[in-house]
Amino acid sequence: MDKKINVGAGFELEIPQAYGELRVDAEKTIGSILENYPKASKMWRLLKEDPEVNACWDIANYIAVSKLKYNDHGEVHAKIVAANALKMLKILLERGVKFDFLEKGSGDVDDEHLVVLTGALLHDIGNQVHRKNHPLHSVYLAIPILNRLLPSIYGNPEIMYEIRGHILHTIYTHGAEIKDLTMEASLVGIADGTDMTKGRGRLAFDTGNVNIHSVSALSISGVEILRGEERPIEIYVKMNNSAGIFQVQEVLLPKISGSPLEQYIEIVAVSIPPGEESDQRIVHRLSIEEGRLVPK
């Protein structure tokens, strides 16, 4: 059930109290995509059942939400990001896109899924140290976890450490401020930006303050990863108000623009208000050209 907060002047914020369904859906998606990849499936089981990983998610969320008044950066967010990253990976592989990890000959498609999955699940654990420099914090916290879990999957130490290196790069570069250098890292970074369904926007906002951050964050009704018509991937953003375009511009655009995956992704943003209230549709289909969102 949703929780409504009246902040005065006729402005009411509606925020879902629980995101249990989002977590369950993400877990089902991850399990389904990985069912034919034994190494990645085993890593998924190890990570989700690991006490240290679960503690990292819990404390990262405690610092981000309780202390910094930020949005969710814990278990639910990590699993949504992993699910969306794997969805995009599946589409791109089906379209014959060549990934850095596979092109380099570092491993097979199973390893590719393991790298993306693990990077997505661990990318934000550094928030438990502090939001500032959290990608770096996430890296050094992830190293002992990877050193402990990866040997149960990889018998060859050199291969294991190469896999670890690819994972660490995806973790460190997931923010738009640090340029991702591999397609795997780009997947994790873009997937991070897609977790913005109704109040889950990646930009911080204060529920007691009416501004573009709070209004836009609550204008996103849903985000879907689809097979595109003009480009392999379509990120379909459904908004209940056109103010949601601020989230698209400030979160998704910086992560896609200039990334190794820019040419493969398009954004479709549709404004569909609930009930009989009307909201003029300002945007419909957007493309990224020279680092800008342009209507099509």
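Restricting the range 49-68 to residues that are charged (D, E, K, R) and either more than 19 Å from the chain's Cα centre (by Cα) or surrounded by 15 or more Cβ atoms within 10 Å (Cβ to Cβ) (or both), the residue that is farthest from Leu122 (Cα to Cα) is Lys67. The residue pairs whose first member lies in the range 150-161 and is under 15 Å from Asp108 (Cα atoms), whose second member is assigned to a loop (DSSP other than H, G, I, E, B), and whose beta carbons are closer than 7 Å, counting only pairs six or more residues apart or on different chains, are Met160/Tyr154. For the range 76-105, the set of residues classified as aliphatic (A, V, I, L, M) and out of contact with any strand residue (DSSP E or B) (no Cβ under 8 Å at 6 or more places or on another chain) consists of Val76, Ala78, Ile80, Val81, Ala82, Ala83, Ala85, Leu86, Leu89, Leu93, Val97, Leu102, listed by residue number. Only residues that are in contact with a Gly (Cβ under 9 Å, 6 or more places away or on another chain) and outside any strand (DSSP E or B) were counted across the range 233-245, and they come to 1. Of the residues making up the range 49-89, those that are without any contact (Cβ under 8 Å) to a residue 40 or more places away in the chain, under 23 Å from Met196 (Cβ atoms) and not small (Gly, Ala, Ser) are Asp58, Val65, Lys67.
Those helices (runs of 4 or more DSSP H) of the range 93-157 in which 1 or more residues are modelled with pLDDT under 95 and crowded, with 17+ Cβ neighbours inside 10 Å occupy 100-103, 134-149.
Per this entry, Ser66 is not counted among residues that are hydroxyl-bearing (Ser, Thr, Tyr) and either at pLDDT 95 or above or touching an Asp or Glu at 6+ places or on another chain (Cβ under 6 Å) (or both).
Quick check on the range 60-67. Is at least one of its residues assigned by TED's automatic domain parsing to the domain that holds His174, within 28 Å of Glu266 (Cα to Cα) and among the polar types (S, T, N, Q)? The answer is no, given that none of the residues of the range 60-67 is assigned by TED's automatic domain parsing to the domain that holds His174, within 28 Å of Glu266 (Cα to Cα) and among the polar types (S, T, N, Q). Residues of the range 178-198 that are under 15 Å from the mean Cα position of the chain (by Cα) and not aliphatic (A, V, I, L, M): Asp180, Glu184, Ser186, Gly189, Asp192, Gly193, Thr194, Asp195, Thr197, Lys198. Taken over the range 32-47, the criterion of being surrounded by 14 or more Cβ atoms within 10 Å (Cβ to Cβ) and without any contact (Cβ under 8 Å) to a residue 24 or more places away in the chain is satisfied by Ser41 alone.
In the range 170-225, what residues are part of a helix (DSSP H, G or I) and modelled with pLDDT under 90? Ile212, His213, Ser214, Val215, Ser216, Ala217 - these are the residues of the range 170-225 that are part of a helix (DSSP H, G or I) and modelled with pLDDT under 90.
Is it the case, given these coordinates, that Leu89 is within 17 Å of the chain's Cα centre (by Cα), on the phi < 0 side of the Ramachandran plot and part of a helix (DSSP H, G or I)? In short, yes.
The values are calculated or read from the model by the stated rules, or taken from the named source; none is laboratory data. Predicted model, so just to flag it, every value in this text is computed and none were measured. We place every Cβ from the backbone using ideal geometry, glycine too, and count neighbours over all the protein chains shown.
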